[in-house]
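The structure under discussion appears below in the form of structure tokens.
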Amino acid sequence: MRNLLSIEDLSAEELSGLLDLAGNFAQVQQREVPKVPALRGKTVVLAFFEDSTRTRTSFDLAARRLSADVVNFSASQSSLKKGESLRDTVETIAAMGVDAIVVRHRSSGTPNQISKWTDAAVINAGDGWHQHPTQALLDAYTIRARLGSLEGKRIALCGDIAHSRVARSDAHAFAALGAEVILVAPRTMLPSSLAGWPVSVSHNLDQVIGDLDVAYLLRIQKERINDALFPSEREYRKLFGLTADRCRQLKPDAMIMHPGPMNRGVEIDSIIADGAQSFIQKQVEMGVAVRMAVLDALARNLPGGNNSADGQSGANT
Ligand code: NCD
């Protein structure tokens, strides 16, 4: 693996391998000093051109726990503001001797483009509506940690699918790992074509909720929407929100997930988000180990990386 641009670049075996590796790093996190030397001497740049709380902090911690040097590049305080092009910006950063660049950008395809301008490993931390591969990995990891496997599990992705890079990445990862994925959304929130999506579709949450192993709620991506896609938030909550009432139809051991940030009281009621079936905090917790696994796997393919086939990962050091 040279870059991580899309979850679709990974085979089912590679996906499982990364989840296994994340398991090793989850154990590292339990140690008194949760740090290993795997990326000592390497430099990781976090280049976030779009806002982020969880993903940025989690990559930052992951890189530091692997002993990498971390540089936080802030687009809003950079020469981009003076009109410097993205390419010049990237080449400037790369010229300082960088091993990996973690990119978030509001335009789909930007991490891919950046990977053509640099020899550093590029990790997509979310690009427009397109992809968010590490979110899919941490979601799959969280489900696997709880249910043992995704094989045969019924998972609903519910909400604003059309504008969601999380939905695109999760649907693919979950299906590749053997789950049955159902998109639950109003017609206005589905992509115009579902060609290539390994999913079925429902417009009625109440019809599918009782059989789910995982109910995965998505935020309405207001920043990516121009026209109203439903009459009101109240109306949306009534039909597609995981309300306390609707939640009673869930199996008692079904998992409730959300990538954050949540619109409490819209796609999920507050009491449910904080309730016993919610794995929303767990997802955040798992994010660090999963991102350590991704950084470690990529570092072994960098020039000078230990790419021996002995199966030894940084988690064992
Ligand atoms: C998501 C994102 O930014 O794509 N959040 C995240 O990374 N945890 C989902 C969202 O913004 O709704």
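The values are calculated or read from the model by the stated rules, or taken from the named source; none is laboratory data. Everything quoted here is computed from the prediction, not taken from an experiment. We place every Cβ from the backbone using ideal geometry, glycine too, and count neighbours over all the protein chains shown. Note: accessible area is taken over every heavy atom of the protein model, side chains too, but ligands, DNA and RNA are not part of it. Shrake-Rupley method; radii C 1.70, N 1.55, O 1.52, S 1.80 Å.
The value obtained for region 221-301, namely the Cα convex hull volume divided by the number of residues, is 129 Å³ per residue. Counting only protein heavy atoms and a 1.4 Å probe, region 135-282 has 43 square angstrom of accessible area per residue.
Take each peptide in 89-100, 184-195, count the other Cβ atoms within 10 Å of every residue, and average; sorted highest first, the result is 89-100, 184-195.
If you roll a 1.4 angstrom probe over the protein chains with everything in place, what fraction of the accessible area of the chain belongs to carbon and sulfur, to the nearest %? List each step's numbers first, then the result.
Numbers: 6490 of 14030 Å².
Ligands and nucleic acids excluded, carbon and sulfur reach 46 percent.
For the chain, adding -39500 (n - 2.57) for each run of n ≥ 4 DSSP H residues and dividing by the number of residues yields -10500 deg cm²/dmol at 222 nm.
Residue separation times 0.36 nm, minus the C-alpha to C-alpha distance between residue 271 and residue 249: what's the value? Present the calculation step by step, with values, prior to reporting the outcome.
Details: separation 22, 0.36 × 22 = 7.92 nm, distance 1.56 nm.
Extra length from residue 271 to residue 249 when fully extended: 6.4 nm.
Mean sequence separation of contacting Cα pairs (under 8 Å, at least six apart), scaled by the length of region 136-276, corresponds to a relative contact order of 24 percent. Along its first, second and third principal axes, ordered by size, region 135-282 spans 41, 36, 26 Å in Cα coordinates. For the cross-link pairs 35/222; 153/282; 35/282, the ones whose C-alpha atoms lie over 27 Å apart are 35/222. Full extension of the chain segment joining residue 57 with residue 27 gains 8.8 nm, where the gain is 0.36 nm per residue of separation less the Cα-Cα distance.
Could you calculate the contour length gain from residue 20 to residue 92, that is, 0.36 nm times the residue separation minus the distance between their Cα atoms, to one decimal place in nm?
Contour length minus Cα-Cα distance gives 22.4 nm.
Between region 7-63 and region 119-197, the C-alpha centres lie 19 angstrom from each other. With R₀ fixed at 41 Å, the C-beta to C-beta distance from residue 225 to residue 40 puts the FRET efficiency at about 0.40. In summary, the aspartates and glutamates within cross-link reach of residue 82, defined as a Cα separation below 18 angstrom excluding same-chain residues under 8 places away, comprise 50, 91.
Put simply, the Cα atoms of region 120-197 extend 38, 35, 19 Å along their principal axes, the longest span coming first. Relative contact order for the chain: 22 percent, from Cα pairs under 8 Å spaced at least 6 residues apart, divided by residue count.
Set the Cα radius of gyration of the chain against 2.2 N^0.38 Å, with N its number of residues, and you get 0.99.
Label sites at residue 204 and residue 75, each approximated as a point 7 angstrom past Cα along Cα to Cβ, lie 4.2 nm apart.
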